[in-house]
1. Need pairs with beta-carbon distance below 6 Å; first residue under 23 Å from residue 37 (Cα atoms) and within region 1-14, second surrounded by 14 or more Cβ atoms within 10 Å (Cβ to Cβ); sequence gap 6+ or separate chains.
2. How many residues are part of a helix (DSSP H, G or I) and touching a residue at least 12 places away in the same chain (Cβ under 8 Å) if we restrict to region 28-80?
3. Suppose we filter 12, 85, 97 for residues that are part of a helix (DSSP H, G or I) and of a type outside the set (Gly, Ala, Ser); which single one remains?
4. Being β-branched (Val, Ile, Thr) and within 30 Å of residue 93 (Cα to Cα) narrows it down to one of 6, 51, 14, so name that one.
5. Out of everything in region 66-108 that is surrounded by 14 or more Cβ atoms within 10 Å (Cβ to Cβ) and small (Gly, Ala, Ser), what residue ends up being nearest to residue 53 (Cα to Cα)?
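Nothing in this text is a laboratory measurement; each read-out follows from the coordinates by a stated rule. Nothing here was measured: the structure is a model prediction, and the numbers come from that model. Reconstructed Cβ throughout: ideal geometry from the backbone, glycine too, with neighbour counts over all protein chains shown.
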Amino acid sequence: MKFRFIKHQKFKFIVEKVCNVLKVSTSGYYSWLKAKVSKLCLYNKKLSELITSIFKNSFESYGPPRIKTALEKLGHYIYRPRAAKLIKVNGLFARRKRKFKTATNSNHKYPIAANILNQNFKVSRINQV
């Protein structure tokens, strides 16, 4: 994280001074620049692409358990917490569709008030209706 910050700031400041301020070695920064991308990072990118495609094909309704089983069907065996972490890192979250529920109960036996006003809202004076 610090090395990435140094990389973005190297055009504004001297690398050695930024390394001193962040208390990291300059040799560590330069070896970080030369380092190759790890196999785990590459595999996580591949899994992230698969997870995104599975998520989009499920109409954004799959969560970590279902995505984990879908990945297992494709031959990628991972734990559910790892699937949840990759989903969160990619900014995906399942959207639930709620079942329609009526707010009123029309089948009751309580007395209903009479319609005295009869939709006539025009009045000549205040408080006359």
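1. 2/22; 2/24; 3/29; 3/32; 6/18; 6/29; 9/18
2. We begin by selecting, within region 28-80, every residue part of a helix (DSSP H, G or I); these are 28-34, 39-57, 64-73, 80.
From what's left, touching a residue at least 12 places away in the same chain (Cβ under 8 Å): 28-29, 32-33, 44, 47-48, 50-52, 54-55, 64-65, 67-68, 70-71, 80.
Number of matching residues: 19.
3. Working: 12 fails: part of a helix (DSSP H, G or I); 97 fails: part of a helix (DSSP H, G or I).
That would be 85, the only listed residue that is part of a helix (DSSP H, G or I) and of a type outside the set (Gly, Ala, Ser).
4. Details: 6 fails: within 30 Å of residue 93 (Cα to Cα); 14 fails: within 30 Å of residue 93 (Cα to Cα).
Checking each option against the conditions leaves just 51.
5. Checked region 66-108; the qualifying residue nearest to residue 53 (Cα to Cα) is 70.
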